[in-house]
Amino acid sequence: MADMTKPVPQLNADNRPFWEGCREHRLKIPKCSSCGYLRWPPAFLCPKCLSAENEWINACGTGRVYTYAVYHIAPYPAFKESLPYVVAMVTLEEGPRMMTNIIDCDPAGIYCEMPVEVSWDDITEEISIPRFRPLQ
Amino acid sequence: MHAVGALESGLCRYVLISYGQSARSGNSMMRMLYHMTRNDDAVYGHFGAAGGYALAARRAMHEFGTGPETWKQIAVGQRAWANRNPRAIMADQELTEESYMASKYMIEPFRLFDNCLMNDGGRAVILTSVERARDLRHPVVSIMGLGQHNPSSDLATADFLAGPTGAKRAGEAAFAMAGISRNDIDACQIYDCFTYTVEITLQDYGFFGPGEGKDWFSGGTIAPGGRMPVNTSGGQLSEAYYMGLTPLSEAVMQLMGRCGKRQLGPETSTKSPGIILCSDNGGILQAHACYILRRI
């Protein structure tokens, strides 16, 4: 509870290709090899056809804000320094929606369906986090 | 629903549904919420139920134009009920629309008073057969209808954040089983983890169309003396948070006529209740139960 450092991705069999892609600044999402459905979050089976075969494609890195929340309190103490910060769901150009942050703009200027693009935050040599900023 | 199954099948004669938590003094609610979102979403600072419902409420603002003008009426209406309930945590604290609007943002678009309480305490309800209940000293409250619908998907694939939520199909099932319509409902006890939850639930039950809540709630519709009392104990926003037992226990108590100064009927210039509609919610609008109770 009293974590003073921000949570880092916990790699597992499902999300490892995603975070390894992030390290190379590539936004990878799983695509079902059987029916072609692009799924998020990563999972063993395709939620549409239950096939376990999938490949990872590179998303182009642009999308639109589906919805967002502006944090004025820090339930995780480590985020206190970042207040106010914005958590958002972004609908990628390719279709899936993923959780992220909106950065590099005044929270009051954000709106649903705002065009955004990925911006890489290299927090360590091993880990890069995809956040999004207004499309430039 | 499980309790009804256990009674109907003859597995037992009484079912106790209870909830108790040292949510505040033991910090257990914050711990539960912490683990709820302790996956890759936490990397972005996403937290707990408030974080998820704030995302839902913001999408609803975009899709059908709701917002604080609607939610303040829910917070203020429910507080007026709490002010008549000595057990309510907010019993002695009045809330006006001005003080609602002046309260701080927590996880925007939610202000402080859009959030439910975090408290110690407990609640319990006992279910038995109507036949057995007739021998007890309180009026009999029976279940007319039940419905459940659990969209259950991950937040990322949720298309129900701005409705229709599970409340739509759960409500339709409960009304069909009860054989009544919305016009027969005398009051509602709605799971109210956040003000928006009350709006989207009543909207999905069909009390008003998308975005019409602002007008529907105006003029004290849900408050004492209003035409559709909602969350007459103060609810989770202003009485106390006991999960689904806040709405359920209040519905039973109201139908039994055991609510003192907040009793529906002449005491509060409202209709004496014969039928009350209740809801329960799980996850981020991911699970929903609707039940309709009546006094017999």
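The values are calculated or read from the model by the stated rules, or taken from the named source; none is laboratory data. Nothing here was measured: the structure is a model prediction, and the numbers come from that model. Neighbour counts run over all protein chains shown; Cβ positions are idealised from the backbone, glycine included. Ligands, DNA and RNA are stripped out before the accessible areas are found, and what is left, the full protein with its side chains, is counted by its heavy atoms. Shrake-Rupley method; radii C 1.70, N 1.55, O 1.52, S 1.80 Å.
Selection within the range A:16-39: residues that are assigned to a helix (DSSP H, G or I) and among the basic types (Lys, Arg). The member of this set that is surrounded by the most Cβ atoms within 10 Å (Cβ to Cβ) is A:ARG23. Here B:ASN183 fulfils each of the conditions (1) within 14 Å of chain A (Cβ to nearest Cβ); (2) in a helix (DSSP H, G or I); (3) out of contact with any strand residue (DSSP E or B) (no Cβ under 9 Å at 6 or more places or on another chain) apart from (1).
Inspection of the range A:89-101 identifies at least one residue that is without any contact (Cβ under 8 Å) to a residue 40 or more places away in the chain, surrounded by 13 or more Cβ atoms within 10 Å (Cβ to Cβ), of a type in the set (A, V, I, L, M) and touching a helix residue (DSSP H, G or I) at 6+ places or on another chain (Cβ under 8 Å). Count of the range B:261-296 residues, restricted to those that are touching a residue at least 12 places away in the same chain (Cβ under 8 Å) and either touching a Cys at 6+ places or on another chain (Cβ under 9 Å) or open to solvent by less than 50 Å² (accessible area, probe 1.4 Å) (or both), is 25. Of all residues assigned to the range B:133-145, at least one qualifies as being under 21 Å from B:TYR242 (Cα atoms) and open to solvent by less than 70 Å² (accessible area, probe 1.4 Å). Selection over the range B:104-145 of residues that are more than 30 Å from B:MET61 (Cα to Cα), touching a residue at least 12 places away in the same chain (Cβ under 8 Å) and not acidic (Asp, Glu) gives a count of 19. Residues satisfying the criterion are present in the range B:66-83 (criterion: surrounded by fewer than 16 Cβ atoms within 10 Å (Cβ to Cβ), more than 27 Å from B:ASP154 (Cβ to Cβ) and touching a helix residue (DSSP H, G or I) at 6+ places or on another chain (Cβ under 9 Å)). Name the residues in the range B:150-188 that are surrounded by 19 or more Cβ atoms within 10 Å (Cβ to Cβ) and touching a Lys or Arg at 6+ places or on another chain (Cβ under 7 Å), would you? Of everything in the range B:150-188, those that are surrounded by 19 or more Cβ atoms within 10 Å (Cβ to Cβ) and touching a Lys or Arg at 6+ places or on another chain (Cβ under 7 Å) turn out to be B:LEU161, B:ALA162, B:ASP186.
Restricting attention to the range A:1-31, the residues that are out of contact with any Pro (no Cβ under 8 Å at 6 or more places or on another chain), within 11 Å of chain B (Cβ to nearest Cβ) and either touching a residue at least 24 places away in the same chain (Cβ under 8 Å) or of a type in the set (A, V, I, L, M) (or both) add up to 6. Taken over the range B:20-40, residues that are in contact (Cβ under 8 Å) with a residue 40 or more places away in the chain and open to solvent by 40 Å² or more (accessible area, probe 1.4 Å) amount to 6.
Within the set B:TYR53, B:TYR105, the sole residue that is within 14 Å of chain A (Cβ to nearest Cβ), open to solvent by 10 Å² or more (accessible area, probe 1.4 Å) and within 29 Å of B:ALA162 (Cα to Cα) turns out to be B:TYR105. Inside the range B:59-118, residues that are aliphatic (A, V, I, L, M), farther than 23 Å from B:HIS46 by Cα and over 20 Å from the mean Cα position of the chain (by Cα) make up a count of 2. Exactly one residue out of B:ALA170, B:ALA124 is in contact with a Cys (Cβ under 6 Å, 6 or more places away or on another chain) and at pLDDT 95 or above, and it is B:ALA170.
May I ask you to list the residues in the range A:106-136 that are farther than 18 Å from A:LYS28 by Cβ, surrounded by fewer than 16 Cβ atoms within 10 Å (Cβ to Cβ) and touching a Leu at 6+ places or on another chain (Cβ under 9 Å)? Listed by number, the list holds a single entry, A:PRO115. Residues in the range B:136-180 that are part of a helix (DSSP H, G or I) and of a type in the set (D, E, K, R) were compared, and the one that is nearest to B:ILE276 (Cα to Cα) is B:GLU172. Any residue at all in the range B:52-72 that is under 30 Å from A:ILE123 (Cα atoms), at pLDDT 95 or above and assigned to a strand (DSSP E or B)? No; the residues of the range B:52-72 include none that is under 30 Å from A:ILE123 (Cα atoms), at pLDDT 95 or above and assigned to a strand (DSSP E or B). Looking across the range B:238-257, the residues that are closer than 15 Å to B:ASP114 by Cα and open to solvent by less than 10 Å² (accessible area, probe 1.4 Å) come down to B:SER238, B:GLU239, B:ALA240.
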